[in-house]
Amino acid sequence: MLTSSLRPPAGLAARVLAVGNPRSSHYDRVGHLARLGATLFPGPAAWASARLQRPEGLPFRAESVRPVAYGSGATVFRLDGEEGPHVLKVYRRTLGLRVADLVQAAAWYRSKYERVVGWYGDIVLPARYLVVHGPLLGRPGVACVQRYLPGMDRDLLDGRPDEEILAEADADEGLREEVERFVDRTLEIHARERALVDILGPRNLVVVLEEGRPRLRLVDYGVFDLAGPLDRRLRERVEAALRRLENLAARLEGALF
C-alpha cells in the first residue's frame with residue numbers, strides 16, 4: 001500500500017488481469033492489488049499509507065522521509081537532512097524480529113555486502129547497516145543507509161542494447177575501465193564460485209554522474225548461488241545475463257584492436 005503509487009500507470013482491466021495472473025509473483029500480485037485499491041478508494045488508501053509510515057523511530061534526524069522505490073525484499077525511502085540526501089532500505093522480512101535475531105540478521109546482510117565489496121571494490125556503493133524502529137509500522141527491523149545517487153534510472157543493462165552501452169563506455173575512459181572491470185570480474189567469479197551478483201533487478205547496476213563524469217555503481221548486494229536450487233525461470237534469466245556479459249566482454253576486448 002505504501003509504495004503502490006510508485007508502480008507504473010495501468011488501466012483498471014490491466015491491473016485486474018495482473019492480480020489474477022497465476023504467472024505473476026505473489027509480490028507483484030499484492031502490489032497490483034494495492035494500486036487497484038488505491039485507485040478505487042483513494043481516501044482510505046491515503047489514510048492507510050500514512051498509518052504505515054512511522055519515521056519517528058529512526059535513530060537519526062531527517063527533515064523528510066518518503067518512499068521512493070520498492071523491491072521483493074526491501075522498501076526504499078529517501079532521507080533529506082543536514083548531511084545531504086541518503087536512501088534507507090528497510091528489509092521487510094526482518095520486521096518485528098527479536099533483538100538477538102535482528103543483530104544476527106544485520107550481521108548476515110553486512111557479510112553479503114562485504115563479500116561483494118571484496119569482489120568489486122569501489123564500484124560498490126558504500127552502505128551502513130543498522131537496526132531501526134521505523135519508518136515501516138514503527139516496528140524494529142534491519143536497514144541499510146546509502147548515499148543518494150541522482151540519475152538512478154540509468155540502469156547499465158536493463159532495456160539498453162549492447163551498442164548503446166559500448167558507445168557510452170567508449171565516450172569516457174573512466175567509465176569504460178569500470179565497465180570492463182565489472183564484466184571481467186563477474187565472469188571470473190561465476191567461473192570460480194558459481195555465483196552471480198544480482199544484476200537482474202532494475203537499477204541494481206547504474207551509471208550516474210559524479211563530479212560531472214559518468215561512473216558505474218553497484219547499489220544492490222544480492223548474490224545468486226548457482227550451485228544450489230533455483231527457480232527455472234530465474235535460472236533462465238541468470239543464464240541469459242551471463243551470455244550477455246560474455247558477449248560484452250568479447251566486444252570490449254575486440255574494440256581495443
If residue 98 passes every condition in (1) loosely packed, with under 13 Cβ neighbours inside 10 Å; (2) of a type in the set (D, E, K, R); (3) under 19 Å from residue 149 (Cβ atoms) but one, which one does it miss? (3)
Near pairs, Cβ below 6 angstrom, 6+ apart or cross-chain, from the stretch 228-254 (small (Gly, Ala, Ser)) to any residue that is surrounded by 12 or more Cβ atoms within 10 Å (Cβ to Cβ) and in a helix (DSSP H, G or I): 249/183
Of the numbered conditions (1) assigned by TED's automatic domain parsing to the domain that holds residue 242; (2) of a type in the set (A, V, I, L, M, F, W, C); (3) at pLDDT below 95, residue 189 fails exactly one; give the number of that condition. (3)
Applying the selection to the stretch 48-87, what residues are crowded, with 19+ Cβ neighbours inside 10 Å and at pLDDT 90 or above? 87
Taking the stretch 148-167 and keeping only residues that are over 18 Å from residue 204 (Cα atoms) and in contact (Cβ under 8 Å) with a residue 24 or more places away in the chain, one is left with 166
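Residue-wise test of (1) in a loop (DSSP other than H, G, I, E, B); (2) of a type outside the set (Ser, Thr, Tyr); (3) more than 28 Å from residue 145 (Cα to Cα).
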position: 164; (1), (2), (3): no, yes, yes
position: 167; (1), (2), (3): no, yes, yes
position: 209; (1), (2), (3): no, yes, no
position: 216; (1), (2), (3): no, yes, no
position: 221; (1), (2), (3): yes, no, no
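Could you check, for the stretch 90-112, whether at least one of its residues is in a loop (DSSP other than H, G, I, E, B), at pLDDT 90 or above, over 20 Å from residue 205 (Cβ atoms) and touching a strand residue (DSSP E or B) at 6+ places or on another chain (Cβ under 6 Å)?
yes
The values are calculated or read from the model by the stated rules, or taken from the named source; none is laboratory data. Predicted model only: the values in this text are computed from it and were never measured. A quick note on method: Cβ atoms are made from the backbone with ideal geometry, for glycine too, and the neighbour counts reach across all protein chains shown.
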